[in-house]
Amino acid sequence: MRRTIVVVFFMFQCFSFNVKGFGLSYNFYEKSCPQVEDIVRNGLQPIFLTDPTSASALLRLMFHDCQVQGCDASILVDPGNGNEATEMASSKNLGIRKREIVSMVKSMVEAQCPQQVSCADILILAAREAVAVTGGPRIKVPLGRRDSSHAPSHRLPDALLPPATAGVSEMLNIFTNKGMNLEESVAVLGAHTLGITHCSNLQNRLYGRNNDELRGMEPGFAAFLRLTCQKGPLTSNLSFVLNDPTPFSFDNEYYVNAMRGRGVLKIDAEMVSNPKTAHVMKHFSMNEADFFRAFSSAFVKLSRYGVLTGKQGVIRKNCNQLS
Ligand code: HEM
């Protein structure tokens, strides 16, 4: 009996040590770099002003980092030093850009707090700023992530990132695995309130067999999409459509637009007709505050996914290089 109590006590100690000492926390850099959030915000301000497309790029960059091997900044690693085909070589990362912004902010952070703050945390903070600066909620995020010390090949993103043809069940599978409930899973897709979709990602939707996906679309919008995105493999990477009518504003227009039959991607449209998600889409289209609340908690859950903490991983000095 005494031995059992000792073992249970020991396990409890280990557990609480793990949670308090090694997990993420809201005051992680209190002593080592208390000004980190200000450095990131101030560093990004001129970038957001001069290039309004950078907010959407940073938000998607966060998802594509977290979805592959967890939020560990592995997507930032450049080829070289034995890593020839890194994550960016995956076709699923088409359109991923602005990785250099995270490196630039990291060098600002390094100048004030050398070797303290991970690229993984800076990437999450940058995505959080992207949401706030475009009019979305200001999300409080726990910090203390560490960076991966190896970079996966393109095969991992090939397998793990959802294709442009993903539907509701694939989407729910991805996000419920990260601890999100139904509302949060629908809310996290509200990230598509920002940015663009390249025409090459719409070929199946617009020119698929039987025109299945065009049937649920508002006819004027279907005609517009087909006019903008011509059929064929020559569709250049320069042709794209806006994800919603206000692509620089984080608002609930994505839901309003989808409810009108103007969802750009298959998932955007399918969530309106699927009986599991339809009522949540309708609710968010009418209540922006509830969307913001659900998005904020979904964002934090995504940002915690598969993180390295404590003695795991490293703090990279240069985000693009493993050492
Ligand atoms: C099943 C889930 C998802 C699918 C199938 C999906 C698919 C896509 C596709 C195909 C694009 C167009 C990319 C391009 O052509 O350049 C896109 C854009 C975008 N996605 Fe998603 N996405 C999903 C979830 C998410 C999540 C969770 C986030 C962020 C939290 C996100 C943020 C974005 C943003 C901001 C853009 C616009 C990027 C830009 O303007 O460069 N997506 N998504």
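Looking at the structure I just gave you, is Ile267 in a helix (DSSP H, G or I) and more than 25 Å from Thr53 (Cα to Cα)? Taking the combined requirement at face value, the residue does not satisfy it.
Scan Pro162, Pro152 and give me the residue that is assigned to a loop (DSSP other than H, G, I, E, B) and modelled with pLDDT of 95 or more.
Of the residues listed, the single one that is assigned to a loop (DSSP other than H, G, I, E, B) and modelled with pLDDT of 95 or more is Pro162.
Being over 15 Å from Glu218 (Cβ atoms), buried (at least 18 other Cβ atoms within 10 Å of the Cβ) and in contact (Cβ under 8 Å) with a residue 40 or more places away in the chain is the filter here, so list the residues in the stretch 229-245 that pass it. Within the stretch 229-245, Phe240, Asn243 qualify.
Just the residues that are buried (at least 18 other Cβ atoms within 10 Å of the Cβ) and under 15 Å from the mean Cα position of the chain (by Cα), please, taken from the stretch 142-163. Within the stretch 142-163, Pro157, Leu161 meet the criteria. Listed conditions (1) within 17 Å of the chain's Cα centre (by Cα); (2) more than 10 Å from the ligand (Cβ to nearest atom) are all met by Glu170, apart from (2). Scan the stretch 165-198 for residues that are outside any helix (DSSP H, G or I) and either among the hydroxyl-bearing types (Ser, Thr, Tyr) or under 11 Å from Phe295 (Cβ atoms) (or both) and the total you get is 3.
So is Arg99 within 30 Å of Tyr207 (Cα to Cα) and either assigned by TED's automatic domain parsing to the domain that holds Asn27 or among the basic types (Lys, Arg) (or both) or not? It would help to see each step written out before you state the result.
On the way: within 30 Å of Tyr207 (Cα to Cα): no; either assigned by TED's automatic domain parsing to the domain that holds Asn27 or among the basic types (Lys, Arg) (or both): yes.
No: the conditions fail for Arg99.
Flag: Met286 matches the condition of being more than 24 Å from Met108 (Cβ to Cβ) and either surrounded by fewer than 19 Cβ atoms within 10 Å (Cβ to Cβ) or assigned by TED's automatic domain parsing to the domain that holds Ala127 (or both). In a residue-by-residue description of the stretch 249-264, the property of being within 12 Å of the ligand (Cβ to nearest atom), in contact with a strand residue (DSSP E or B) (Cβ under 6 Å, 6 or more places away or on another chain) and of a type in the set (A, V, I, L, M, F, W, C) applies to at least one position.
Evaluate the stretch 71-79: report whether one residue or more is of a type outside the set (A, V, I, L, M), within 16 Å of the ligand (Cβ to nearest atom) and modelled with pLDDT of 95 or more. Reasoning before the result, please.
From the stretch 71-79, those of a type outside the set (A, V, I, L, M) are 71-72, 74, 78-79; that's our starting set.
Subset that is within 16 Å of the ligand (Cβ to nearest atom): 71.
From the residues that got through so far, the ones that are modelled with pLDDT of 95 or more too are 71.
Checking the stretch 71-79: at least one residue is of a type outside the set (A, V, I, L, M), within 16 Å of the ligand (Cβ to nearest atom) and modelled with pLDDT of 95 or more.
The condition (being over 28 Å from the mean Cα position of the chain (by Cα) and either within 15 Å of the ligand (Cβ to nearest atom) or within 13 Å of Val241 (Cα to Cα) (or both)) is satisfied by just one residue among Leu194, Leu182, Leu189, Leu227: Leu227.
Once the stretch 66-87 is narrowed to residues that are surrounded by fewer than 19 Cβ atoms within 10 Å (Cβ to Cβ) and outside any loop (DSSP other than H, G, I, E, B), the residue that is farthest from the chain's Cα centre (by Cα) is Gly80.
The values are calculated or read from the model by the stated rules, or taken from the named source; none is laboratory data. Please read these numbers as outputs of a predicted model, since none were measured by experiment. Cβ sites come from the backbone with ideal geometry, for glycine too, and all protein chains shown count toward neighbours.
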